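Some notes on the structure that comes next.
The values are calculated or read from the model by the stated rules, or taken from the named source; none is laboratory data. None of these values were measured; they are calculated from a predicted model. In this analysis, Cβ positions are derived from the backbone assuming ideal geometry, glycine residues included, and neighbour counts consider all displayed protein chains. Just the protein is used for accessible areas: all its heavy atoms, side chains included, with ligands, DNA and RNA removed. Shrake-Rupley method; radii C 1.70, N 1.55, O 1.52, S 1.80 Å.
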Amino acid sequence: MKTTGAAIIGCGAIAPLHARAIASIEDARLVTVVDSDPVQAAQSAQDYGCEGLTDYRELLERPDIHIVHVCTPHHQHAGMAVELLNAGKHVLTEKPMALDVPSARLMQAAAEKAAGQLGVVFQNRYNEPSVRIKEVIDSGSLGNLLCMKGVVTWTRSEEYYTNSSWRGRWATEGGGVLINQAIHTLDLLQWFGGGDLLSVKGSVTTDVLNEVIEVEDTAHACIDFKNKVRGLFYGTNAYQVNSPVELELVFEQGTLQQRRDSLYLWKDGLETLLCEPQTASTGGKSYWGSGHSRLIHDFYAHIREGRRFWIDGSEGIKALELIAEIYKSSGSRNRVPQAQHS
Ligand SMILES: NC(=O)c1ccc[n+]([C@@H]2O[C@H](COP(=O)([O-])OP(=O)(O)OC[C@H]3O[C@@H](n4cnc5c(N)ncnc54)[C@H](O)[C@@H]3O)[C@@H](O)[C@H]2O)c1
């Protein structure tokens, strides 16, 4: 029986992945879609055979809606999530959790008091290579992790920004390649690195679209963790294709490399393929990865079983904190040590 009622706020590019995942959950039903654009709301309601609204506040008092997916522009996430949590709803928000760290902390505070849960969509943690890498780190099967790197070379056109009311602006996107595209890879690096930052030195620049966007299109960083692991990161939207994200993790007794979405182990002079890309179409863009459905299913399972979802506010905020340190250190000659963080 479909006992869990769901709503999606924001019916843009990412919403169909959420709608499709909800439809595939046995006890869940998409009751309502909300978009401030009435044409978009009506179209999506028709597409998914559900109710369409233009004001998300109408969800607050609705007893038939238990889980709300926040798929709106970045600057809207925090305000919506806090109101929904205060109204007793479970909230699954798209990344980034919020526009900035202070807004994310407001969400965390609301979640701590709320009956409902807050989940953050970092679906790349569900990619098979990510899961295998984390298993190797946690099991110690290759010894300690020594260092790692993450490289994101993607393309975003002028039209991607000019056709959008919110992308490319500090007030609405909160940053550029760091907070929108490379945040997934930064989240993986901090997850693999154990989360506790020692110091960060980064640099951001706008290499190509400086006439079009306020925010950076390119960034790099050297991230030191308290456990002595060092992570190097490079991310750009100024490439001319969307290359698969590359990851390398060097351990005491071997090296893991993610290339072309496959994971390889290099050990004792031999390379072994550990996992290949999943071929099933997710209905989204290939560079979004295939983890949305798995994450959404897992979020619903945690709620159904009364367990705390693991990518909650305290996990979701970590990539945002790392990004804030990269911005803070950019342009200075100094690393930003964790102890000086405000
Ligand atoms: N996890 C991923 O891989 C992934 C991929 C793409 C986008 N995203 C994230 O999803 C979110 C949405 O991105 P998108 O690409 O779908 O954006 P989009 O611009 O395509 O869609 C946003 C939609 O929200 C609607 N909206 C704006 N303000 C609203 C309001 N107050 N109430 C209701 N609706 C409102 C807009 O009308 C629009 O239809 C962003 O946070 C983005 O970073 C995540």
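Within the bounds of the stretch 149-158, is there any residue that is assigned to a helix (DSSP H, G or I), under 26 Å from GLY254 (Cβ atoms) and open to solvent by 20 Å² or more (accessible area, probe 1.4 Å)? Within the stretch 149-158, none of the residues are assigned to a helix (DSSP H, G or I), under 26 Å from GLY254 (Cβ atoms) and open to solvent by 20 Å² or more (accessible area, probe 1.4 Å).
Do you know which of the residues in the stretch 127-148 that are assigned to a helix (DSSP H, G or I) and crowded, with 22+ Cβ neighbours inside 10 Å is farthest from the chain's Cα centre (by Cα)? Once the filter is applied, the top-ranked residue is ILE133. Of the candidates SER243, SER290, the single residue that is under 24 Å from VAL120 (Cβ atoms), of a type in the set (Ser, Thr, Tyr) and either part of a loop (DSSP other than H, G, I, E, B) or open to solvent by 40 Å² or more (accessible area, probe 1.4 Å) (or both) is SER290.
Beta carbons closer than 6 Å, at least 6 apart along the sequence or on distinct chains, pair a first residue in the stretch 6-35 that is over 12 Å from VAL68 (Cβ atoms) and more than 8 Å from the ligand (Cβ to nearest atom) with a second that is open to solvent by less than 10 Å² (accessible area, probe 1.4 Å) and among the hydrophobic types (A, V, I, L, M, F, W, C) for ALA21/ILE296; ALA28/ALA6; ALA28/ILE22. For the stretch 43-87, enumerate the residues that are open to solvent by less than 40 Å² (accessible area, probe 1.4 Å), part of a loop (DSSP other than H, G, I, E, B) and near the ligand (Cβ under 10 Å from one of its atoms). Matches in the stretch 43-87: CYS71, THR72, PRO73. Candidates ASN163, ASN124, ASN180: the one that is over 17 Å from ILE323 (Cβ atoms) and either open to solvent by 50 Å² or more (accessible area, probe 1.4 Å) or not small (Gly, Ala, Ser) (or both) is ASN163.
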